[in-house]
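Notes to accompany the following structure.
The values are calculated or read from the model by the stated rules, or taken from the named source; none is laboratory data. No experiment lies behind these values; they were computed from the predicted model shown. Glycine also receives a Cβ, built like all others from the backbone with ideal geometry; neighbour counts cover every protein chain displayed.
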Ligand SMILES: Cc1cc2nc3c(=O)[nH]c(=O)nc-3n(C[C@H](O)[C@H](O)[C@H](O)COP(=O)(O)OP(=O)(O)OC[C@H]3O[C@@H](n4cnc5c(N)ncnc54)[C@H](O)[C@@H]3O)c2cc1C
């Protein structure tokens, strides 16, 4: 097992970095450099630039507008976006729905949706989780009753990221309430968010942002032609999609970027009368994180080199990547927040439009670091909780 990058891969990394440097619009570069999260318009603008280069749909085969990259190239590409930092492509479009349609979609569905997904002409969201169905997704209750050429959908989804800004949603629904096994009565539908009967309600996160939503379906009519794969076979589609969702979720590049960011800012901040970067305890913390990041990087390379061109999506080791990757993401975002000390405290009252209009006391980079830290508390929940990852590791990796 060779864990070194080949000369071609090293050259590829330089090409990606060069492209980002030459093409990322200045305003987006500046905002993300200060630690802001990308806005919808940033992601759309950047994904379209990547698409003109043929790189937006970076996990897809050439036939459908992707670059046909190896798993290692994909990893390098993602890591370069994260460390620069540049916006990542919309994961619901590219990592999740695109590959599903390529695998299970009809020719009509592929032709109609894939080019628009790549160019982000449609912004997609994921309607899987429900109040009673998260880790145990097969418990979902949102019902779709067939009436001629249409399904009539009724029920509720929750934690639907970006539903309030989405054009379309891929939704898991129950089409056979009497199936012998719960998994056998589920179908996968593509739903236009403008369809009458859909209500989106915001859930405000602890960082003050509006990212999450509840989505209600009240007699929503969906053409049968917008079902992906066979009726009651939606669970196969969901499993395939969730396997793809976990790939790349370690976000090593993002953690590396946070450590670099913390080091840069620690030169400006002072502790005990000297620059924070010279503080022994701080240096020890950085060194520990960098060692852990390096170990995870090696594990990631082991997973990739065991895969033949990225086909083996069910490798239980990907659960280790998700588990450890999100622990490090939380530790590195905490580090970046701690560098600002008390200056990292945002003015929450202002954020929540309550009484005060006081500005944040600290610089933007410090208060954004706190928002980032708070939002990424959720990283150990989304894409499968870390407890579920531990269950997979105990069975699939340790054989317990
Ligand atoms: C920021 C964020 C964005 C999200 N975006 C989306 C989205 O766009 N679309 C979407 O469909 N969903 C989304 N989700 C939902 C996410 O997939 C679920 O939150 C997740 O699957 C957990 O489900 P739950 O919240 O119902 O928790 P539960 O499944 O109820 O779990 C509660 C607790 O019990 C533990 N637990 C549950 N089962 C077991 C078990 N078998 N063994 C050990 N421990 C267990 C869990 O680890 C957790 O700690 C998002 C969530 C977050 C936080």
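Here are some notes:
- Scanning region 314-329 for residues that are surrounded by fewer than 19 Cβ atoms within 10 Å (Cβ to Cβ) and modelled with pLDDT of 90 or more gives a single hit, 327.
- Close pairs (6 angstrom Cβ cut-off, 6 or more residues apart or separate chains): at negative phi in region 375-400, assigned to a helix (DSSP H, G or I) and loosely packed, with under 14 Cβ neighbours inside 10 Å anywhere: 400/394
- Cβ-Cβ distances below 8 Å connect the following pairs, each with a first residue in region 114-136 that is under 19 Å from residue 189 (Cα atoms), a second residue that is in a strand (DSSP E or B) and within 7 Å of the ligand (Cβ to nearest atom), and a separation of six or more residues or different chains: 127/157; 128/157; 129/157; 130/157.
- For residue 387, the conditions (1) at pLDDT 95 or above; (2) surrounded by 16 or more Cβ atoms within 10 Å (Cβ to Cβ) all hold with the exception of (2).
- Assessment of region 340-361 against the conditions (under 15 Å from residue 208 (Cα atoms), within 16 Å of the ligand (Cβ to nearest atom) and at pLDDT below 95) yields no matching residue.
- With a requirement of 3 or more residues that are closer than 18 Å to residue 91 by Cα, within 12 Å of the ligand (Cβ to nearest atom) and touching a strand residue (DSSP E or B) at 6+ places or on another chain (Cβ under 6 Å), the strands (runs of 3 or more DSSP E) lying completely within region 164-212 that satisfy it span 168-174.
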